[in-house]
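J.: Pasting a structure below so you can have a look.
The values are calculated or read from the model by the stated rules, or taken from the named source; none is laboratory data. Not measured: the values here are computed from a predicted model. Every residue, glycine among them, receives a Cβ derived from its backbone with ideal geometry; neighbour counts consider all protein chains shown.
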Amino acid sequence: MRILHTSDLHLGRSLYGASRDETFEKLVDWLTSVVKAESVDCLLIAGDVFDNTTPSHRMQRAYYRLLAAVCAADSCRHVVVVGGNHDSATLLNAPQALLEALNITVVGSARENPDDEAVRICDSAGAPCAVIAAVPYLRERDLRSSVENETQQDKESAIEKATAAHYRAVIDAALSLRGERDIPIIATGHLFAARCSASSAERSLYIGSLGAVSAESFPAEIDYLALGHLHRPQCVAGCETRRYSGSPLALDFPERQEQKSVCIIETQGRACSVRTLPVPAFDTLVQITGDREKVLKELRELADRGEPVFCEVQHTEGVFAPDLANRCREIVRDGCVTLVRVVSRTVAAAMLNAGDVTDNIESVTPEKMFELRLTKEAAASTLSPDLQQQLVEAHAEILENVRRGENQA
């Protein structure tokens, strides 16, 4: 049989407020065409169908349009969808009875009985051809009860052991469904496997201790492991048949240069072979970086091309440019360029971050806080000592006026 493995569609995700709904609809159409062109027997979506728990009606329609179109394809006999950490399990599970009538299995969250996550796939004659261990994103409450006074290390170890135990229980159920037949067991998952790498666009994906599930946590009987959660396509521990498909779209500007793909799995008995199918770009993301003069020049050139693109401007000059965002918006006004944001690295470098710590929060006076901010700002730009002193005096004057007003009140 032939399986299409994808994940992390993130339908409805915007670019800093700029809608990409049209792009996601094009992705849905492309996935449908691939299912038909590749004669796919089973579509497997390993979590994060939507970008949030309250997707728009337009994106919900796109999702159901995908399911309907795939089911209408001559070859595809089954669809399996598992929930991710971005999904609402309730939303995914709501039409369960209706979808099951169409051979669509949705497991939005961990089932009370792990046996219910094992699904047998049959061919057109009704003969079993695979068993899917449809494991969704596992939250801590799905795995264990918290223990008082345990260390973080103990908690991480306990959750990894509980994750392994959950997979063991589901795979045991899958083995029972398979019996003596020479058919593969395909398992899903939406988690962060240890020693895998997140893309540069992703935030830290260490969510509870599910950020460090080892390769050894997955039972050896799994013939193909279809994972989601990481946006970069990659294998787990170098194994070709245990892998992340990656997100089929670039979901942020740092991902724009990565080649996105989906996985096509061919099974012969229990043996599984994998090939990747590149996903075309359905829109264009452009990032302009440099000083004020450079970004304004390149943005004008981009606007003059008359091509629809999403653009991010990153100002890297070591001085503040408070009017830069307005100038950029004026250049693209009434054009095809969607300017999603203008970022000043100078401002970002001046902000306090997790490295700015203090032993006693009560000792951090407004004056001390301003001093910390000014130190970081001076390191990121060309503030002269004289200008720094002027800023200190101006801050002191403002602070005195604020305090005087509070005392009068």
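J.: Being without any contact (Cβ under 8 Å) to a residue 40 or more places away in the chain, in contact with a Pro (Cβ under 8 Å, 6 or more places away or on another chain) and closer than 19 Å to residue 8 by Cβ is the requirement here; does residue 259 meet it?
T.: yes
Okay, residues lined up against (1) at pLDDT 95 or above; (2) over 14 Å from residue 44 (Cβ atoms); (3) in a loop (DSSP other than H, G, I, E, B):
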position: 227; (1), (2), (3): yes, no, no
position: 232; (1), (2), (3): no, yes, yes
position: 247; (1), (2), (3): yes, yes, yes
position: 251; (1), (2), (3): no, yes, yes
position: 254; (1), (2), (3): no, yes, no
position: 265; (1), (2), (3): yes, no, no
position: 273; (1), (2), (3): yes, yes, no
position: 286; (1), (2), (3): yes, yes, no
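J.: Something else now. Of everything in region 140-189 that's within 19 Å of residue 111 (Cβ to Cβ) and polar (S, T, N, Q), which residue is surrounded by the most Cβ atoms within 10 Å (Cβ to Cβ)?
T.: Only one residue fits best here, namely 188.
J.: Follow-up question, since we're still on this one. Consider region 4-17. How many of its residues are out of contact with any Phe, Trp or Tyr (no Cβ under 6 Å at 6 or more places or on another chain) and not in a loop (DSSP other than H, G, I, E, B)?
T.: Selection size over region 4-17: 3.
J.: Pairs only if they're at least six apart or on different chains, beta carbon under 6 angstrom, first in region 69-89 and in contact (Cβ under 8 Å) with a residue 40 or more places away in the chain and not assigned by TED's automatic domain parsing to the domain that holds residue 33, second acidic (Asp, Glu) and assigned to a loop (DSSP other than H, G, I, E, B); list them, first residue then second.
T.: Between residues of region 69-89 that are in contact (Cβ under 8 Å) with a residue 40 or more places away in the chain and not assigned by TED's automatic domain parsing to the domain that holds residue 33 and residues that are acidic (Asp, Glu) and assigned to a loop (DSSP other than H, G, I, E, B), there is no close pair.
J.: Tell me which residues, restricted to region 70-94, are surrounded by 15 or more Cβ atoms within 10 Å (Cβ to Cβ) and in a loop (DSSP other than H, G, I, E, B).
T.: If the condition is that a residue be surrounded by 15 or more Cβ atoms within 10 Å (Cβ to Cβ) and in a loop (DSSP other than H, G, I, E, B), then 73, 75, 76, 77, 83, 84, 85, 86, 87, 88 are the ones that fit.
J.: Working only within region 133-152, note down all residues that are in a helix (DSSP H, G or I) and either in contact (Cβ under 8 Å) with a residue 24 or more places away in the chain or in contact with a helix residue (DSSP H, G or I) (Cβ under 7 Å, 6 or more places away or on another chain) (or both). Steps first, please.
T.: From region 133-152, those in a helix (DSSP H, G or I) are 140-143, 152; that's our starting set.
Within region 133-152, 140, 142, 143 qualify.
J.: Okay, moving on. Which of the residues that make up region 134-189 are among the β-branched types (Val, Ile, Thr), at pLDDT below 90 and touching an Asp or Glu at 6+ places or on another chain (Cβ under 8 Å)?
T.: 147, 159
J.: On the basis of being assigned to a strand (DSSP E or B), out of contact with any helix residue (DSSP H, G or I) (no Cβ under 7 Å at 6 or more places or on another chain) and more than 21 Å from residue 9 (Cβ to Cβ), does residue 130 make the cut?
T.: On the way: assigned to a strand (DSSP E or B): yes; out of contact with any helix residue (DSSP H, G or I) (no Cβ under 7 Å at 6 or more places or on another chain): yes; more than 21 Å from residue 9 (Cβ to Cβ): yes.
Yes: the conditions hold for residue 130.
J.: Another question, then. Specify the residue that is nearest to the chain's Cα centre (by Cα); the eligible residues are those in region 288-311 that are over 17 Å from residue 329 (Cβ atoms) and not acidic (Asp, Glu).
T.: The qualifying residue nearest to the chain's Cα centre (by Cα) is 289.
J.: Related question: Conditions: (1) under 18 Å from residue 85 (Cα atoms); (2) polar (S, T, N, Q); (3) modelled with pLDDT of 90 or more. Residue 209 meets all but one. Number of the miss?
T.: Status for residue 209: all satisfied but (3).
J.: Give the residue, chosen from 160, 180, that is under 28 Å from the mean Cα position of the chain (by Cα) and either part of a helix (DSSP H, G or I) or more than 13 Å from residue 133 (Cβ to Cβ) (or both).
T.: From the options 160, 180, the qualifying one is 160.
Okay, residues lined up against (1) out of contact with any Leu (no Cβ under 8 Å at 6 or more places or on another chain); (2) closer than 19 Å to residue 130 by Cβ:
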{"position": "55", "(1), (2)": "no, no"}
{"position": "65", "(1), (2)": "yes, no"}
{"position": "81", "(1), (2)": "no, yes"}
{"position": "103", "(1), (2)": "yes, yes"}
{"position": "112", "(1), (2)": "yes, no"}
